Amino acid sequence: MKIAVLISGSGRTLKNFIDLAAEGSLDVEIDLVISSTPAAGGLEYAKQAGIASVVLERKDYPTHDAYGEAIFESARQADVDLVAMAGFLKLAPVPDDFAGRVVNIHPSLIPSFCGHGMYGHHVHQAVLDYGCKITGLTVHFVDNEYDAGPIIWQQPVPVFDDDTAEVLAARVFDAEKEAYPHVLGLLAAGRIKLEGRKVTIGRR
């Protein structure tokens, strides 16, 4: 399965994909990395791995729709099967030909602690401020609202009394490093079926 990865920051999820694909435990070919900023650290990981990359900044486009079209036109040109968002922080509306072909991971159990402005540290601090005992991660299909697409996979992560946002973030990311590649593997194997908001995972 050929994928494009969308990033806005450090690229640690991208690096995880690259490493797993290189060792043969993730059956994907990363053909393109798209970043929303030239400052994203993940661009260096793409360069080191010999993966084509492009920077598309939101400020260069008049509307969200125009920005989304530029993002997905790049994905079309790369002829990818799937787009995986990995810490991509901009709204990029999904065109009809990519419906059901865009996925994202969010560091909470959606529908809790999600939506516009809820990312990274903000999510984990909100979890702690609320007094949650369980948090987690959600891998979902992407639609045209923040964190609102059909849920593919959720995994709980415990919250401890002495956690800081940084400590909790690290624990959640450890779980993400296994969960997101697992979902990509299911997609590559054709085991995930989407009907409306219902996602089913078939047997091998």
*asked:* Can you tell me which condition Leu109 does not meet? The list is (1) of a type in the set (A, V, I, L, M, F, W, C); (2) in contact with a helix residue (DSSP H, G or I) (Cβ under 8 Å, 6 or more places away or on another chain); (3) under 21 Å from Leu137 (Cβ atoms), and all the others hold.
replied: (2)
*asked:* Any residue in the range 175-189 that is under 26 Å from Ile134 (Cα atoms) sitting within a Cβ distance under 9 Å of a residue that is part of a helix (DSSP H, G or I) and of a type in the set (Lys, Arg)? List the pairs, counting only those 6 or more apart or interchain.
replied: Lys177/Arg12
*Can you spot a residue in the range 58-72 that is within 23 Å of Asn144 (Cα to Cα), buried (at least 19 other Cβ atoms within 10 Å of the Cβ) and in contact with a strand residue (DSSP E or B) (Cβ under 8 Å, 6 or more places away or on another chain)?*
yes
*Gly131 fails exactly one of the following numbered conditions: (1) more than 29 Å from Glu57 (Cα to Cα); (2) free of Cβ contacts under 8 Å to residues at least 40 places away in the same chain; (3) in contact with a strand residue (DSSP E or B) (Cβ under 8 Å, 6 or more places away or on another chain). What is the number of that condition?*
(3)
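Per-residue answers, yes or no, for (1) exposed (fewer than 13 other Cβ atoms within 10 Å of the Cβ); (2) within 25 Å of Met1 (Cβ to Cβ); (3) of a type in the set (Val, Ile, Thr):
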position	(1), (2), (3)
Leu109	no, no, no
Thr138	no, yes, yes
Tyr146	no, no, no
Ile151	no, yes, yes
Thr164	yes, no, yes
Val183	no, yes, yes
Leu187	no, yes, no
Glu195	yes, yes, no
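A short reminder: the numbers here are calculations on the coordinates, not readings from a lab. What you see is a predicted model, and the numbers here were worked out from it, not measured in a lab. Every residue, glycine among them, receives a Cβ derived from its backbone with ideal geometry; neighbour counts consider all protein chains shown.
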